[in-house]
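Report on the following structure.
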Amino acid sequence: MIPYSITIVDDEESIREGIHMALEEDYRVESFSTAEAAIEAFENNPPDLVLLDIGLPGMNGIEALGKIKVRYPDVLIIMITAFEDINSVISAMRLGAYDYVVKPIHMDGLEVTIRNALDTMRLRKEVQVLQEECLKENLPLIIGESSAIQDVMEFIGKVARSSDTLVLIVGETGTGKELIAKAVHYRSPNFKGPLITVNCAAIPKDLVESELFGYEKGAFSGASTSGKMGLIEESANGTLFLDEVGDLSSEAQAKLLRFLEGGEFYRVGGTKKLRVQTRIVSATNKDLNQLIEEDRFRRDLYFRLAVIKVEVPSLGERPDDIMPIANYFLYEFSRKFGKTFTGLSSGAVEALMAYRWTGNVRELRNLVERGVLVGRGPELTAHDLGIEGQNEAGAPKHAKGETTFAPLPETGIDLSTAQESLEKYYLQEALKLTGGNESKAAKLLNINHHTFRYRKRKLQIK
C-alpha cells in the first residue's frame with residue numbers, strides 16, 4: 001500500500017486536533033496553526049494532501065494555496081471554510097484546489113473527500129511509476145551537452161505532452177531522427193500503446209497503401225485469404241512513425257491526407273469505414289519545400305504533418321557533442337566486444353574534432369565500432385578509427401601529407417574569425433553559382449538544405 005501524508009492547516013486548535021485524531025490511524029498526519037509554518041515545513045518533505053483553512057491569520061488560505069501550487073504543483077489541496085463563501089471557493093478552485101469542505105466538519109464526509117482525492121494521487125503515482133519503468137526499458141539514450149541538442153530535447157518534452165498533435169522531424173541522414181520520434185512517444189500519454197515504425201522508402205510504391213491501411217481478403221492478386229490489418233490499425237492508441245515520409249507516392253500521400261483530416265479510412269478492397277486514434281510522427285532528410293515546388297509532395301499534406309516541426313541539428317553544428325558521443329560508443333562497444341580500451345588517444349580526439357561528419361552520429365558510431373573491433377589498445381587511435389591522414393574537411397591529404405593553405409602570418413591569426421570568413425565566402429559563392437537557389441547551393445557544399453539555411457542566418461548572409 002502506498003503511504004500517504006496529510007497536513008492540516010487550521011488556526012482553531014479543536015478542529016486541528018479532532019481531524020488529526022480521526023486520520024492518524026490511516027495516514028501520516030502533521031498539523032499547523034499558520035500557513036507560514038506549514039509551508040516552511042514543506043521544504044523538507046511536502047505532503048500528498050493539505051487540508052487548508054481559508055480564514056487563517058497572517059497569510060490566508062487563498063494566498064497559501066497559490067504559493068503551494070507554484071512550488072509543489074502535485075500536492076492535492078482541500079480547502080476548509082467556516083461558511084460557504086462562494087467567491088472564496090471559486091477563487092480556490094481556479095488556483096487548483098481539489099475540493100472544499102464547510103465547517104462544521106462532518107468527518108464521514110471529509111474522509112470520503114480525502115479518499116477520492118488520494119485515489120487521484122494513487123492513480124497519478126502508479127502511472128508515473130509505470131512510465132518511469134517504461135522509459136528505463138525503452139527510451140533511447142540521446143547524448144549531448146551542446147545547447148543545440150538540449151534545446152531540441154527541451155522542446156520535445158513540451159510537445160510530447162499531447163497525445164495526438166502531429167510532429168514532423170527534419171534533419172540530415174544519421175542525426176538520430178528515429179531516436180527523437182521514440183522520445184516523443186515514450187514521453188507522451190500514448191507511451192503504453194504501440195510504437196509502429198514505417199520506412200516509407202523501403203516499401204514498394206504499389207504496396208504502400210495496403211501496408212498502411214491493410215486490405216480485405218481477395219482485394220488483389222496474391223492477397224492473404226484472411227485479409228490483413230494495416231500499420232495504422234496496429235498503431236491504435238499509440239504512435240505511427242513514418243520515416244522518410246518524403247518518399248511516399250502521390251497516391252499514398254492523398255490517402256494519408258484523407259486519414260489525417262478525418263481519422264477514417266478504408267482497407268484496400270473494403271467497404272467498411274474504419275476509425276483509429278493514433279499519433280502520427282513523421283521524419284525526412286529531404287527538403288519538402290523543394291519537393292513541393294517540384295510537385296512531388298503535397299503542400300496540404302505538409303501543413304498537416306508539420307503542426308509541430310522539430311529540426312535536429314547535424315553533428316557539425318554541435319561539435320561539443322562529438323567527444324561525449326564518441327566516449328559513449330567506445331564504452332558501449334568495448335563492453336560488447338570484451339575489449340579494455342582506456343580512452344581515445346590525443347591523435348584520435350584531434351582527428352574526430354577535425355572530421356566533417358557527413359554521416360552525422362551514425363557515421364561516428366560506425367567508426368568507433370570499427371575502431372574497437374580492429375584496435376589493440378589500450379587507447380583507441382585515429383588509425384583504428386580509419387581517419388588517420390585526413391584533413392578537417394574529412395578528405396585525404398595530398399600525397400606528401402600536407403594540405404595547401406595560405407601561409408600563417410608571423411603576427412598570427414584569429415582562427416575562429418578565419419573559419420567564419422571561409423565558411424561565409426563559400427556560402428556566398430554557392431549562392432552566386434546557383435542564382436540564389438538555396439537548395440542547389442546546399443548540394444554544391446554537400447550539406448543539407450536546413451543546415452545551409454541555419455548557417456546562412458548565423459553568418460547574416462542576405
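Do we find a residue being charged (D, E, K, R) and within 33 Å of the chain's Cα centre (by Cα) anywhere in segment 225-232?
Yes, segment 225-232 contains a residue that is charged (D, E, K, R) and within 33 Å of the chain's Cα centre (by Cα).
Test G238 against the stated conditions and say whether it is under 29 Å from A160 (Cα atoms) and within 24 Å of the chain's Cα centre (by Cα).
The answer is yes for G238.
Can you tell me which residues in segment 70-84 are closer than 16 Å to D10 by Cβ and more than 39 Å from the chain's Cα centre (by Cα)?
I80, T81, A82, F83
Please find, within segment 22-52, the residue that is nearest to I86 (Cα to Cα) out of those that are of a type in the set (D, E, K, R) and part of a loop (DSSP other than H, G, I, E, B).
Among those residues, the one meeting the criterion is D48.
Loosely packed, with under 13 Cβ neighbours inside 10 Å and touching a strand residue (DSSP E or B) at 6+ places or on another chain (Cβ under 7 Å): which single residue out of P73, P3 fits that description?
Exactly one residue qualifies, and that residue is P3.
Cβ-Cβ distance below 8 Å, separation of 6 or more or different chains: which pairs start in segment 256-276 with a residue that is on the phi > 0 side of the Ramachandran plot and end on one that is hydrophobic (A, V, I, L, M, F, W, C) and at pLDDT 85 or above?
Partner pairs satisfying both residue conditions: G263/V276.
Does segment 232-255 include one or more residues that are of a type in the set (K, R), in contact (Cβ under 8 Å) with a residue 24 or more places away in the chain and closer than 26 Å to G157 by Cα?
no
Scan segment 175-183 and tell me whether some residue there is within 17 Å of the chain's Cα centre (by Cα), surrounded by 21 or more Cβ atoms within 10 Å (Cβ to Cβ) and in a loop (DSSP other than H, G, I, E, B).
Taking every residue of segment 175-183 in turn, at least one turns out to be within 17 Å of the chain's Cα centre (by Cα), surrounded by 21 or more Cβ atoms within 10 Å (Cβ to Cβ) and in a loop (DSSP other than H, G, I, E, B).
Which of the residues belonging to segment 272-296 are more than 27 Å from F191 (Cα to Cα) and either under 18 Å from the mean Cα position of the chain (by Cα) or not hydrophobic (A, V, I, L, M, F, W, C) (or both)?
Of everything in segment 272-296, those that are more than 27 Å from F191 (Cα to Cα) and either under 18 Å from the mean Cα position of the chain (by Cα) or not hydrophobic (A, V, I, L, M, F, W, C) (or both) turn out to be K272, K286, D287, N289, Q290, E293, E294, D295, R296.
Go through segment 261-306 and give me each residue that's loosely packed, with under 15 Cβ neighbours inside 10 Å and part of a loop (DSSP other than H, G, I, E, B).
G263, T271, K272, K273, Q277, E294, D295
Show the residue pairs that are 6+ apart or on different chains and have beta-carbon atoms under 9 Å apart, the first residue being within segment 100-112 and touching a residue at least 12 places away in the same chain (Cβ under 8 Å), the second being of a type outside the set (A, V, I, L, M) and in a strand (DSSP E or B).
Y100/T81; V101/T81; V102/T81; K103/D53; K103/T81
Can you tell me which residues in segment 1-15 are in contact (Cβ under 8 Å) with a residue 60 or more places away in the chain and either closer than 16 Å to I114 by Cα or part of a helix (DSSP H, G or I) (or both)?
Across segment 1-15, the qualifying residues are I2, Y4, I6, I15.
Is it fair to say K458 is out of contact with any helix residue (DSSP H, G or I) (no Cβ under 8 Å at 6 or more places or on another chain), free of Cβ contacts under 8 Å to residues at least 12 places away in the same chain and either more than 22 Å from T284 (Cα to Cα) or surrounded by 16 or more Cβ atoms within 10 Å (Cβ to Cβ) (or both)?
yes
Just wondering, is there one or more residues in segment 13-21 that are within 19 Å of G109 (Cβ to Cβ) and of a type in the set (K, R)?
Yes, because at least one residue in segment 13-21 is within 19 Å of G109 (Cβ to Cβ) and of a type in the set (K, R).
Within segment 364-379, restricting attention to residues that are charged (D, E, K, R) and farther than 23 Å from N446 by Cβ, which residue is nearest to the chain's Cα centre (by Cα)?
In this case the residue turns out to be E369.
Of these, G55, G96, G109, G18, which one is in a loop (DSSP other than H, G, I, E, B) and more than 40 Å from the chain's Cα centre (by Cα)?
G55
Of the residues in segment 332-384, how many are in a loop (DSSP other than H, G, I, E, B), farther than 24 Å from G171 by Cβ and not hydrophobic (A, V, I, L, M, F, W, C)?
The number of residues fulfilling the criteria is 10.
Output the number of the condition that T434 fails; it satisfies all remaining conditions of (1) touching a helix residue (DSSP H, G or I) at 6+ places or on another chain (Cβ under 7 Å); (2) crowded, with 19+ Cβ neighbours inside 10 Å.
(2)
What are the residues in segment 408-462 that are modelled with pLDDT under 80 and part of a loop (DSSP other than H, G, I, E, B), if any?
L408, P409, E410, T411, G412, I413, D414, N448, K462
Could you grab me the full set of residues in segment 147-162 that are buried (at least 16 other Cβ atoms within 10 Å of the Cβ) and more than 13 Å from the chain's Cα centre (by Cα)?
Scanning segment 147-162 gives a single hit, A148.
Please count how many residues of segment 297-315 are more than 21 Å from the chain's Cα centre (by Cα) and either closer than 18 Å to F241 by Cβ or of a type in the set (F, W, Y) (or both).
Here the count works out to 2.
Of D320, D287, which residue is touching a residue at least 40 places away in the same chain (Cβ under 8 Å), assigned by TED's automatic domain parsing to the domain that holds F155 and either out of contact with any Lys or Arg (no Cβ under 8 Å at 6 or more places or on another chain) or among the hydrophobic types (A, V, I, L, M, F, W, C) (or both)?
Just a single option satisfies the conditions, and that option is D287.
Output the residue which, of all residues in segment 195-238 that are part of a loop (DSSP other than H, G, I, E, B), modelled with pLDDT of 85 or more and touching a Ser or Thr at 6+ places or on another chain (Cβ under 8 Å), is farthest from L274 (Cα to Cα).
Only one residue fits best here, namely G238.
Quick check: anything in segment 349-363 buried (at least 22 other Cβ atoms within 10 Å of the Cβ), more than 27 Å from L445 (Cβ to Cβ) and over 23 Å from the mean Cα position of the chain (by Cα)?
Within segment 349-363, not a single residue is buried (at least 22 other Cβ atoms within 10 Å of the Cβ), more than 27 Å from L445 (Cβ to Cβ) and over 23 Å from the mean Cα position of the chain (by Cα).
The values are calculated or read from the model by the stated rules, or taken from the named source; none is laboratory data. Quick caveat: nothing in here was measured; it's all calculated off a predicted structure. Every residue, glycine as well, gets a Cβ built from its backbone with ideal geometry; the counts of neighbours run over all protein chains shown.
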